[in-house]
Amino acid sequence: MNREVKKSMKEVRSEIDQIDKDLVSLLAKRQKCIENAALIKKERNLIIDKDRIEEVISNIKKLSSSSGLSEAISEPLWRKLIELSIEHEFEEFERKQN
C-alpha cells in the first residue's frame, strides 16, 4: 500500500513535539494521582494490587483497539508505566511515614 506523504518531516516532528508536551502534562497528572494513593493507603502491602493492574491493562487494550494504537506498543508501555508508578508510590508511602 502506497501512502501519500501530506506533511514535511519538520511538520511531523513539530506534531510529535506537541504530543510529547501533552503526554508529559497528562503523565504529571497521573503521577499526582499515584501520590494521592500513597497518602490514602494505610499499609505498604496495599500498594501492589495485581487485580487492579490487570484491570488497567485490560482497559488499555480495549482503548488501544478502538483508538488504532498497536497493542504491541500499548501493553508493554503501560506495564512499564505501572511498574514505575508502583516504585514512585512506594517512595511516597515511605516519605509520608517519616
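The residue that is farthest from P76 (Cα to Cα), counting only those in the stretch 37-63 that are part of a helix (DSSP H, G or I) and of a type in the set (D, E), is D51. The listed residues are S66, S85, and the only one of them that is in a helix (DSSP H, G or I), surrounded by 10 or more Cβ atoms within 10 Å (Cβ to Cβ) and of a type in the set (G, A, S) turns out to be S85.
In the set I53, I48, only one residue is over 16 Å from E91 (Cβ atoms), surrounded by 10 or more Cβ atoms within 10 Å (Cβ to Cβ) and within 17 Å of the chain's Cα centre (by Cα); that residue is I53.
Taking (1) more than 17 Å from S85 (Cβ to Cβ); (2) surrounded by 10 or more Cβ atoms within 10 Å (Cβ to Cβ) in turn, K41 satisfies each apart from (1). Within the stretch 7-36, being of a type outside the set (V, I, T), more than 30 Å from I48 (Cα to Cα) and assigned to a helix (DSSP H, G or I) holds for M9, K10, E11, R13, S14, E15, D17, Q18.
Bear in mind that the values in this text are calculations on the coordinates, not laboratory data. If you're wondering where the values come from, they're calculated on a predicted model, not measured in any experiment. Please note: Cβ atoms are built from the backbone with ideal geometry, for glycine as well, and neighbour counts cover all protein chains shown.
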